[in-house]
Amino acid sequence: MLTMLDNIREHGSRISRDGESLFGEFSGTRPVNNPGSRFVIMNPYGNRYWTELTQEGRELQARLLNEVTHFSELIAAVSNGLPPTAFEKITKNLASVQREVGQGQPTYWKTGEEAKEGFRKLIDAIVGELAKYYKVLSNEAIAIPDTNALLENPRIEAWRFDGAQVFTIILASTVLGELDSLKINHRNEAVRSNSKALIQQIKEYRGRGSLAEGVTILKNKISLKSIAREPNMKESLSWFDASNADDRFLATSIDVIRKNLGHAVFIVTQDINMQNKAELAGIPFCEVPNLSSFKAAD
C-alpha cells in the first residue's frame, strides 16, 4: 500500500530528473570574480554566476520552479512536527533547491555534471531526512473516509483493504458535520435516512468507549476514532480553501499523516474531484470497498 512517503519519494525523483535536464543540458556558470580583478565579490551562496538560459531552458526552469514550490509546500506541511534539527535540515535544503533552480544567486557548482550531482543530493537529503521518521512502526494502517464513502457503503465492520489487515477508521469532524446536515437538509429522503442511520450507528459505537481514544469495531482488525476539531488550515497547503468542506477534509488528512508518521494513511473516496485533489496534495487514496467485500465478509 502506498504511503505519503512513497508519493513524496516519487515526486522528488521527477524533480531530480527535470533538474538533471536543466543543469546538464541548458545551464552554465562563469566566475563571479574575473582573474586579476582589483575587486573581489564575496557571496555566501557561491563564487560563480549562472549564464543566461535559452528559451527552452527557461521554459523547463519555469515548470521545475512550479514543481519545486508544490513539493516544498507539501514537505513543510508534513514535517513541521519533526524535531527542530530535522525540520531545520529539511527547510535549509528546500531553500537551496529553490535557489539553485531559480539561478538568481551565485552557486559553487562549476560544471553541469557537478550541478546535476549536487541537485540530486539535495533532493535525496530532503527525502532521506523525512524517511527517518516515516519508517513503518506498525502493521496498522489508517483509513479516513469522506462522507460519500460512508453513505455508499455504511457497513464499515465489513470493510477490507488490500495490504491493510489491521486498520483504524478515522471520522473527520468535517464528515460528522456533513452527516448531521444531510440527515435534515438533503432533498433526497433516502440520503436523509441513510445519514440518520449512520449517525445512530456511530452513537452505538460510542457505547463501547471513547471515540476520541478509539473503540473496537472488529477485534484485531478494525477500530474507529473520531476527530472533534476542525483542522488548522494555516498548517496545511496554501491552495486549500477553508470555506470548502473537501479542502478541510484533506487538511485533516494531512494533519493525521503528520501525527502518524509510522503508519500508512490513506483517504477513502470514490469522488473523482476528491481523488484529483488528493493526488495533487500527495495524499494516498483508495476506492470505497465494494459490495463483494461485504458478501465475502458475511
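In summary, Lys116 fulfils each of the numbered conditions (1) surrounded by fewer than 19 Cβ atoms within 10 Å (Cβ to Cβ); (2) part of a helix (DSSP H, G or I) with the single exception of condition (1). Looking across segment 226-268, the residues that are surrounded by 15 or more Cβ atoms within 10 Å (Cβ to Cβ) and of a type in the set (Ser, Thr, Tyr) come down to Ser226, Ser236, Thr252, Ser253.
With respect to being of a type outside the set (A, V, I, L, M), at pLDDT below 95 and closer than 30 Å to Glu279 by Cβ, Glu10 fits the description.
From the list Ser195, Ser223, Ser173, the lone residue that is of a type outside the set (Asp, Glu), under 30 Å from Glu73 (Cα atoms) and surrounded by 15 or more Cβ atoms within 10 Å (Cβ to Cβ) is Ser173. Only residues that are buried (at least 19 other Cβ atoms within 10 Å of the Cβ), within 19 Å of the chain's Cα centre (by Cα) and not in a strand (DSSP E or B) were counted in segment 133-170, giving 2.
Tell me, yes or no, whether segment 215-232 has at least one residue that is aliphatic (A, V, I, L, M) and assigned to a helix (DSSP H, G or I).
Of segment 215-232, the ones aliphatic (A, V, I, L, M) are 215, 217-218, 222, 224, 227-228.
Then drop every residue that is not assigned to a helix (DSSP H, G or I), which leaves none.
No - not one qualifying residue is present in segment 215-232.
Is it the case, given these coordinates, that Ile254 is over 26 Å from Asn290 (Cβ atoms), part of a helix (DSSP H, G or I) and hydrophobic (A, V, I, L, M, F, W, C)? Spell out how you get there, then give the answer.
Numbers: over 26 Å from Asn290 (Cβ atoms): yes; part of a helix (DSSP H, G or I): yes; hydrophobic (A, V, I, L, M, F, W, C): yes.
So Ile254 fits the description; yes.
Cβ-Cβ contacts under 6 Å between residues 6 or more apart (or on different chains), taken from a first residue in segment 9-30 that is of a type in the set (Val, Ile, Thr) to a second residue that is outside any strand (DSSP E or B) and surrounded by fewer than 21 Cβ atoms within 10 Å (Cβ to Cβ), are listed as Ile15/Glu67. Which condition does His263 not pass, out of (1) in contact (Cβ under 8 Å) with a residue 60 or more places away in the chain; (2) assigned to a helix (DSSP H, G or I), if it passes all the others? Among (1) in contact (Cβ under 8 Å) with a residue 60 or more places away in the chain; (2) assigned to a helix (DSSP H, G or I), the lone unmet condition for His263 is (2). Being at pLDDT 95 or above, crowded, with 18+ Cβ neighbours inside 10 Å and either outside any loop (DSSP other than H, G, I, E, B) or assigned by TED's automatic domain parsing to the domain that holds Leu94 (or both) holds for only one residue in Leu53, Leu82, Leu60, and it is Leu60.
The one condition from (1) at pLDDT below 95; (2) under 18 Å from Gly112 (Cα atoms); (3) under 18 Å from the mean Cα position of the chain (by Cα) that Arg48 does not meet is (3).
Rundown of residues vs (1) touching a Leu at 6+ places or on another chain (Cβ under 8 Å); (2) more than 26 Å from Met4 (Cβ to Cβ); (3) not small (Gly, Ala, Ser), yes/no style:
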site: Ala141; (1), (2), (3): no, no, no
site: Thr147; (1), (2), (3): yes, no, yes
site: Arg160; (1), (2), (3): no, no, yes
site: Asn188; (1), (2), (3): no, yes, yes
site: Arg208; (1), (2), (3): no, yes, yes
site: Ala212; (1), (2), (3): no, no, no
site: Asn220; (1), (2), (3): no, no, yes
site: Ala228; (1), (2), (3): no, no, no
site: Pro231; (1), (2), (3): no, no, yes
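Taken together, Lys196, Lys183, Lys221, Lys203 contain a single residue that is outside the structural domain of His11 (by TED's automatic domain parsing), at pLDDT below 95 and over 16 Å from Leu150 (Cβ atoms), which is Lys221.
The values are calculated or read from the model by the stated rules, or taken from the named source; none is laboratory data. Model, not experiment: these values are computed from the prediction. Don't worry about glycine lacking a Cβ; one is built from the backbone with ideal geometry, like all the others, and counts go over all protein chains shown.
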